[in-house]
Amino acid sequence: ALADAASRVLSLELFPDLTVQAVHEYTEPTLSGLSWVGRLEGYPTSTAVFVLAGEELTGHIYAPFGFFRIEPAANATYVVQQVDQRRYPEASDGLVPPDSGPPSSPHSISRPYRDDGSVIDLLIVYTREAVSSFGGEQRAQAALDLAVAETNQALRATGVTSRVRV
């Protein structure tokens with residue numbers, strides 16, 4: 001269903017007592033495949049983000065009633081985990097230091113910047129051990145694609161026009 005952009009609704013049985021409907025908003029290509037982004041029906045502040053990287057499908061659901069991680073498991077099954085976000089410390093107070101502009105130095109380039117900031121390029125470097133901890137190259141790529149898709153969704157949701165890409 002993920003690869004078919006025409007799929008408007010995904011019915012997801014997260015647990016035996018919790019089934020949700022994710023409504024498609026948009027689909028975008030990722031470095032390794034495709035992302036599917038939507039919201040849970042009845043929860044306008046929720047987000048459902050899934051990525052398909054090769055044969056690996058993974059996703060996250062953010063809802064007022066919890067954060068859920070969906071990952072591949074053995075034997076072509078999936079594991080759904082509800083993550084207790086209270087275990088993670090809150091981010092800083094949200095204050096951002098005022099922008100003092102680009103750093104100046106005696107070696108600064110005098111020409112104006114030509115980058116409009118619409119695309120933020122990322123270089124992601126990882127070790128064989130990191131790939132192994134993900135469970136293989138495709139799972140590592142899926143995790144990276146998911147992080148980029150979620151970042152772009154967050155930027156879009158807050159009205160920021162910049163996007164990140166690997």
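So the check is Cβ under 8 Å with 6+ separation or different chains; which pairs have a first residue in the range 48-73 that's without any contact (Cβ under 8 Å) to a residue 12 or more places away in the chain and a second one that's in a strand (DSSP E or B) and not hydroxyl-bearing (Ser, Thr, Tyr)?
Partner pairs satisfying both residue conditions: 73/79.
Can you tell me which residues in the range 152-166 are open to solvent by less than 70 Å² (accessible area, probe 1.4 Å) and out of contact with any strand residue (DSSP E or B) (no Cβ under 9 Å at 6 or more places or on another chain)?
Scanning the range 152-166 gives 159, 160.
Could you list, in sequence order, the residues of the range 32-47 that are within 20 Å of residue 134 (Cβ to Cβ) and either of a type outside the set (A, V, I, L, M, F, W, C) or in contact (Cβ under 8 Å) with a residue 60 or more places away in the chain (or both)? Spell out the reasoning first.
So in the range 32-47, the residues within 20 Å of residue 134 (Cβ to Cβ) come out as 32-35.
Across the range 32-47, the qualifying residues are 32, 33, 35.
Pick from the range 13-25 the residues that are in contact (Cβ under 8 Å) with a residue 12 or more places away in the chain and either within 13 Å of residue 48 (Cβ to Cβ) or of a type in the set (S, T, N, Q) (or both): which of them is surrounded by the most Cβ atoms within 10 Å (Cβ to Cβ)?
Only one residue tops the list, namely 22.
Specify the residue that is farthest from residue 146 (Cα to Cα); the eligible residues are those in the range 1-33 that are among the hydrophobic types (A, V, I, L, M, F, W, C) and modelled with pLDDT of 95 or more.
Restricting to residues being among the hydrophobic types (A, V, I, L, M, F, W, C) and modelled with pLDDT of 95 or more, the top hit is 20.
Kindly provide the set of residues from the range 110-151 that are polar (S, T, N, Q) and loosely packed, with under 11 Cβ neighbours inside 10 Å, ordered by number.
110, 118, 127
Between a first residue in the range 133-155 that is on the phi < 0 side of the Ramachandran plot and a second residue that is among the aromatic types (Phe, Trp, Tyr) and part of a helix (DSSP H, G or I), which pairs have beta carbons less than 9 Å apart while being 6 or more apart in sequence or on different chains?
Qualifying pairs under 9 Å: 140/134; 141/134; 142/134; 143/134.
Identify all residues within the range 31-77 that are assigned to a strand (DSSP E or B), more than 13 Å from residue 20 (Cα to Cα), open to solvent by 30 Å² or more (accessible area, probe 1.4 Å) and among the hydroxyl-bearing types (Ser, Thr, Tyr); write none if there are none.
45, the sole residue that qualifies.
The values are calculated or read from the model by the stated rules, or taken from the named source; none is laboratory data. What you see is a predicted model, and the numbers here were worked out from it, not measured in a lab. Because the Cβ atoms are built from the backbone with ideal geometry, glycine has one as well, and the counts that use them run over all protein chains shown. What goes into the accessible areas is simple: the full protein's heavy atoms, side chains included, and nothing from ligands, DNA or RNA. Shrake-Rupley method; radii C 1.70, N 1.55, O 1.52, S 1.80 Å.
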